[in-house]
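Step one of this worksheet: look at the structure below.
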Amino acid sequence: MVIEADVVVIGAGMAGVSVAYELAGEHAVVLLEQESQPAYHTTGRSAAMFLESYGGPEVRALTAASRARFDEAGGLLSPRSLLWVAPGDQLAELSALVAAQPELVPLSPAEAVARCSALRADWMAGALLEENASEIDVLGLHQFYLGGARRRGATVLVDAALRGGRQESGRWVLDTAAGPVSAAAVVNAAGAWADRVAAALGVPPLGMRPLRRTAAVARATGVDRGWPLVADLGETFYFRPEGAGVLVSPADETPSEPCDARPDDLDVALAVERVNEATTLGLRSVVTAWAGLRTFAPDRKPVAGPDPAAPGLFWVAGQGGYGIQIAPALARMAAGSVTGGAVPHALSVARFR
Ligand SMILES: Cc1cc2nc3c(=O)[nH]c(=O)nc-3n(C[C@H](O)[C@H](O)[C@H](O)COP(=O)(O)OP(=O)(O)OC[C@H]3O[C@@H](n4cnc5c(N)ncnc54)[C@H](O)[C@@H]3O)c2cc1C
């Protein structure tokens, strides 16, 4: 039996569930996930931060526009400020960031140490504070969208990989692991697999690049739960309190095929070494480590909206390292485009076609 829908969304990570939520109610939506668990891939592996000073202008605008949804869902953000720190050789980056974002508060090394007592004042030349950054309850947001989409009538199918598809008389006919599905529109929200999904539908790829990023939790003593997320301006490491220890990352970007990403021991060791250089934490043992694929378009901006190369195909992809914090605004834009709404050229699929 063929499942009939108005819109099929491919992928039940944060991108797919948020778009399905925005479309359900008004449209018959089917959400297809290849894994048996939604949020198994990148969405379940993030550092869970909401940072308004992170990313280029388009990402920052999407982040700011997303805040209202977090507030409306309630209880999904908890205070965790962001401290950008710069050793002497990163002062040019620090000047550029404060020029672009004058709302950031410049701090001296001593003032930075007052915010995070583990930092070495003699390691830093300067710092910038984003006071109102937050930690995100990522699975809470994912559940808000997934549960909400279901309540609005969406059908969610797991173990339902899209294998192929073609257009027939203005509709997509999809071959999936859960059987055939037919829909007027398809939304490609497949994360690291977005180009593979396009290929399965006979559509040219956009050149999406999955880049592996590693995170680990290390045992630490003397951690103050109120410390900010500390990140260096050169993006070579970050850390923040997590449980009884600290979450650390070497901010790596290793090109990868779409896959179930695994952490490399060397990347975990690099994270520990870099955090130890900048702090007095003296980290030695790692409790757990993981990796996820941050997927970027060639110009590192998100991609949303209709594909000029394939009528009835829409994208919501290339969220890079911001896909949780920008999900609400990007989902509204991508869902709106399915019914004819506009997408700015800088975020459109058309910029690559
Ligand atoms: C270490 C790390 C730290 C991060 N920190 C942050 C942060 O602090 N803040 C932030 O906002 N972002 C952060 N990110 C980025 C964020 O996690 C991602 O941008 C976001 O999760 C992307 O969501 P997605 O739904 O596009 O991808 P995914 O979560 O990967 O979802 C895509 C889904 O599509 C499914 N799929 C693929 N192909 C098919 C198919 N053929 N058929 C059916 N289903 C298919 C996959 O199984 C997958 O579930 C971080 C990422 C990493 C790795």
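The values are calculated or read from the model by the stated rules, or taken from the named source; none is laboratory data. Predicted, not measured: the structure shown is a model, and the values here were computed from it. Don't worry about glycine lacking a Cβ; one is built from the backbone with ideal geometry, like all the others, and counts go over all protein chains shown.
Using the structure shown, decide if PRO106 is of a type outside the set (Lys, Arg), free of Cβ contacts under 8 Å to residues at least 24 places away in the same chain, in a strand (DSSP E or B) and more than 20 Å from THR236 (Cβ to Cβ).
Details: of a type outside the set (Lys, Arg): yes; free of Cβ contacts under 8 Å to residues at least 24 places away in the same chain: yes; in a strand (DSSP E or B): yes; more than 20 Å from THR236 (Cβ to Cβ): yes.
Here the answer is yes, as PRO106 does meet what is asked.
Could you list all residues from region 260-277 that are assigned to a helix (DSSP H, G or I), of a type in the set (A, V, I, L, M) and surrounded by 20 or more Cβ atoms within 10 Å (Cβ to Cβ)?
Step one: filter region 260-277 for residues assigned to a helix (DSSP H, G or I), giving 265-277.
Within this subset, residues satisfying the condition of being of a type in the set (A, V, I, L, M) are 266, 268-272, 275.
Correct list: VAL268, ALA271, VAL272, VAL275.
If you go through region 214-236, how many residues are surrounded by 15 or more Cβ atoms within 10 Å (Cβ to Cβ) and on the phi > 0 side of the Ramachandran plot?
1
Going by what's in this entry, would ALA47 be described as modelled with pLDDT of 95 or more and in contact with a strand residue (DSSP E or B) (Cβ under 8 Å, 6 or more places away or on another chain)? Please lay out each step first, then the result.
On the way: modelled with pLDDT of 95 or more: yes; in contact with a strand residue (DSSP E or B) (Cβ under 8 Å, 6 or more places away or on another chain): yes.
Here the answer is yes, as ALA47 does meet what is asked.
Looking at (1) surrounded by fewer than 17 Cβ atoms within 10 Å (Cβ to Cβ); (2) within 12 Å of the ligand (Cβ to nearest atom); (3) in contact (Cβ under 8 Å) with a residue 24 or more places away in the chain; (4) not in a loop (DSSP other than H, G, I, E, B), find the lone condition where GLN167 falls short.
The failed condition is (2).
Give the residues of region 113-146 that are closer than 26 Å to ALA96 by Cα and part of a helix (DSSP H, G or I), sorted by residue number.
Across region 113-146, the qualifying residues are VAL113, ALA114, ARG115, ALA121, ASP122, TRP123.
Take PRO298 and decide whether it is more than 10 Å from the ligand (Cβ to nearest atom) and in contact with a helix residue (DSSP H, G or I) (Cβ under 6 Å, 6 or more places away or on another chain).
no
Quick check on my filter: what residues within region 67-92 are of a type in the set (Asp, Glu) and at pLDDT 95 or above? I'd like the intermediate steps shown before the answer.
Taking region 67-92 as the starting set, the residues that turn out to be of a type in the set (Asp, Glu) are 71-72, 89.
Residue satisfying the conditions is ASP89 alone.
Scan region 219-240 for residues that are within 14 Å of the ligand (Cβ to nearest atom) and closer than 17 Å to GLU130 by Cβ and report the count. Write out each step before concluding.
Within region 219-240, the first condition is being within 14 Å of the ligand (Cβ to nearest atom), and the residues that meet it are 228-231, 235, 237-240.
Subsequent filtering for residues that are closer than 17 Å to GLU130 by Cβ retains 228-231, 235, 238-240.
Qualifying residue count, region 219-240: 8.
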